[in-house]
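Readers should treat all values here as calculations from the given coordinates under stated rules, not as data from a laboratory. Keep in mind that this is a model prediction, so the values were computed, not measured. Please note: Cβ atoms are built from the backbone with ideal geometry, for glycine as well, and neighbour counts cover all protein chains shown.
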Amino acid sequence: MRPFAVLSVLFCLASLAADDIPPYSVQPYVRQRFDEVGRALRFQGTSATDVATWRAASRGKLEQLLGLDTMKPCDLDPKITERVDCGDYIRERVEIRTEPGIGMPVYVLVPKTGQPPFPVVICPHGHGGGGKVAVAGVATEPKVADAIKNFHYDYGVAFCKAGCVVVCPDARGFGERQENAAKSDLRNSSCQWINQMALPLGQTVTGMWVWDLKRAADYIATRADCDVNRLGCAGLSGGGLQTLWFTALDDRVKAAVVSGYFYGVKESLLEMHTNCSCNYVPHLWENADHGDLGSLIAPRPLMIQTGDEDNLNGASNLDNVKPQIDIARRVYDLLDAGGNLRHDVFHGPHRWDSTNAVPWLVRTLAK
């Protein structure tokens, strides 16, 4: 199903009442099972030492669930294939190797003013924008231009104009990395088909994305114009998914903005179960909710951004988001870092909002 069609179905599901559930539906059963077995990895300690122990164990388990332990490193073999002057910045197209036989095209946006090495922001994309092109502001066709307008998708450009080098990858299954079944429309993704190939082999498309972001960070460390010690990550929707996971599992990310992807999974993913298959990692909900992933980021600075009219928040809207913030805040407070966790609520639907996110992340990476 096309990503924009999926969003339409989700918006309908968000408003379903309990009496709309078919009489023989499995939904009540799985809801009860969620309540019985969910969040085995929740933090239950009382000290900073407990946090460190919990973090190490939880990361190991989550990396296994994603299939990261099955992925193989290789030489990056970077190649710059294109350089375009975009006025305020240069846009490079770069190809790197993330695994043997796996290439990843990325756009790298480099400011034309300022003193390198620059702080760096990796900007993963979500669904419906054609991959890296929308985030990098490359309106290759009218449909991409519409996505940029409707979702404020060109946040990579905003970070570059604020003085950062920006890395915009094509995630596996998107943009130049679409599988054949998705190629009828640049905005389509291949998440379902990749997951169907990967899951029986002990891997997940989400794990592949996280691995590739790790490799992007490896590449950033090789560039003289980039300061990998001032590395941030920011993404909307599926880009928020990638940002949340990557930041939770890799301490090289010093600060992050997760937009449109932080809520209780029971309402937003279990009950709205036609969401994209990239959200569904086997055994994940037995172990963790979004608040638990956010807790793994503590004490590093984290902004959660939520539109107050985002139907993907679930039927309870912000009341399905705030409990997950509270889960993460408990760990932040325990580490005396409560000020590093920020919840930015803006008035609007499912989209990016640069108003607070861009200056906050740029300012944070400057410290």
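Assorted remarks:
- Amide H contacts of Gly348: Asp308, Glu309, each under 5 Å away and 5 or more positions distant or on a separate chain (H built 1.01 Å from N in the peptide plane; Pro and chain starts excluded).
- Shape class of the stretch 153-235 from the Cα gyration tensor (axes a ≥ b ≥ c, square roots of the eigenvalues): oblate, since a/c reaches 1.5 or more and a/b does not exceed b/c.
- Derived scalar couplings ³J(HN,Hα) [the stretch 160-165; Karplus, 6.51 cos²θ - 1.76 cosθ + 1.60; whole Hz; x for Gly, Pro]: 5, 5, 8, x, 10, 6
- Estimated distance in nm for a label pair at Gln64 and Glu176, the labels positioned 7 Å out from Cα along Cα-to-Cβ: 3.7 nm
- Rounded if a/c under 1.5, otherwise prolate or oblate - the stretch 270-367, Cα gyration tensor axes: oblate
- Span-rule helices in the chain, defined as complete DSSP H runs reaching 27 Å or more along the axis (Cα) with Kyte mean at least 1.0: none
- Order by protection proxy (mean Cβ within 10 Å, highest first), peptides 278-288, 45-55: 278-288, 45-55
- Amide H contacts under 5 Å for Ile122, placed H, 5+ residues apart: Val167, Gly232, Cys233, Ala234
- Taking a straight Cα-Cα cut-off under 20 Å and skipping sequence neighbours fewer than 8 places away in the same chain, the aspartates and glutamates within cross-link reach of Lys112 are Glu82, Asp85, Asp88, Glu92, Asp154, Asp225, Asp227.
- Ordering 270-276, 148-154, 79-85 by mean Cβ neighbour count within 10 Å, with the highest value first, yields 148-154, 270-276, 79-85.
- Modelled this way, with points 7 Å down the Cα-to-C-beta line, the labels at Glu99 and Asp85 are 4.1 nm from one another.
- The peptide list 208-216, 317-325, 237-245, put in order of mean Cβ contacts within 10 Å with the highest first, becomes 237-245, 208-216, 317-325.
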